[in-house]
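The values are calculated or read from the model by the stated rules, or taken from the named source; none is laboratory data. Since the model is a prediction, treat every value here as computed from it, not as a measurement. Heads up, the Cβs are rebuilt from the backbone with ideal geometry, glycines too, and the neighbour counts pull from every protein chain shown.
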Amino acid sequence: MLQRYSVQREFDQQVLVCSQPPQDGAGRWAIPQDKLALQAYAATYLAERGSGSLNHPWDDWIQQRRIAVLEQDGQIVAVVRRGETSHCAIVVAPFTFAPFRRQGFARRLLAFFTKEMLREFPAVMLWVDQDNTAAIALYNTLNFQWIGNCYTGYFID
């Protein structure tokens, strides 16, 4: 069966975990009025990263507190989604809009998100591309520690 698929993109990744809340942090859980910004997030994420979907159950995720956002001057500048297992929360698709990168917004939002998740779970986990040294350095400042490596492949028909 796999013969009919080919690898579109593949990544060697590090797996990081955090069990100690980071300092500081800012953000809030998404609300229904954020839907247009969340749709822009999904479209921009898909265009930049080449993975993801435009078809998300935004209303359900908002109600379930599965999306955290950070605003600057009334505009959403960073977004992160929540995944989970029975043992830990998972950081899913963290993203900062291009004009707002390298200004500390991602760190502030991820600190908020991680603290919130550690209230419900003993640990928060994420995967990051091995060559994304800037992101790895950021996660280390948030008390994330390396626990192993993994491989992610995206396949097409």
- Task: Can you work out which of the residues in region 51-71 that are over 15 Å from the mean Cα position of the chain (by Cα) and exposed (fewer than 15 other Cβ atoms within 10 Å of the Cβ) is nearest to Y139 (Cα to Cα)?
- Result: Q64
- Query: Which ones in region 1-41 are modelled with pLDDT under 95, in contact with a Ser or Thr (Cβ under 8 Å, 6 or more places away or on another chain) and either under 18 Å from Q64 (Cα atoms) or not acidic (D, E) (or both)?
  - Reply: R9, F11, Q13
- Query: of a type outside the set (S, T, N, Q), over 25 Å from R9 (Cα atoms) and at pLDDT 95 or above - does that describe any residue in region 125-140?
  - Reply: no
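A quick yes/no check of all residues on (1) within 30 Å of W146 (Cβ to Cβ); (2) not in a loop (DSSP other than H, G, I, E, B):
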residue	(1), (2)
F11	yes, yes
P21	yes, no
A43	no, yes
D60	no, yes
S86	yes, no
- Item | Top-ranked residue in region 109-157 [being farther than 23 Å from V69 by Cα and of a type in the set (D, E, K, R); ranked as surrounded by the fewest Cβ atoms within 10 Å (Cβ to Cβ)] | D157
- Within the set of pairs 6 or more residues apart or between chains, which connect a residue that is on the phi > 0 side of the Ramachandran plot and touching a residue at least 24 places away in the same chain (Cβ under 8 Å) inside region 23-51 to a residue that is in a helix (DSSP H, G or I) and of a type in the set (D, E, K, R) with Cβ atoms less than 6 Å apart? G25/R108; G25/K115
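Please work out which residue is surrounded by the fewest Cβ atoms within 10 Å (Cβ to Cβ), limiting yourself to region 88-108 and to residues that are in a helix (DSSP H, G or I) and aliphatic (A, V, I, L, M).
The initial filter retains those residues of region 88-108 that are in a helix (DSSP H, G or I), namely 98-100, 105-108.
Subset that is aliphatic (A, V, I, L, M): 98, 106.
Details: A98: 8, A106: 24.
Step by step, filter region 88-108, then rank; the result is A98.
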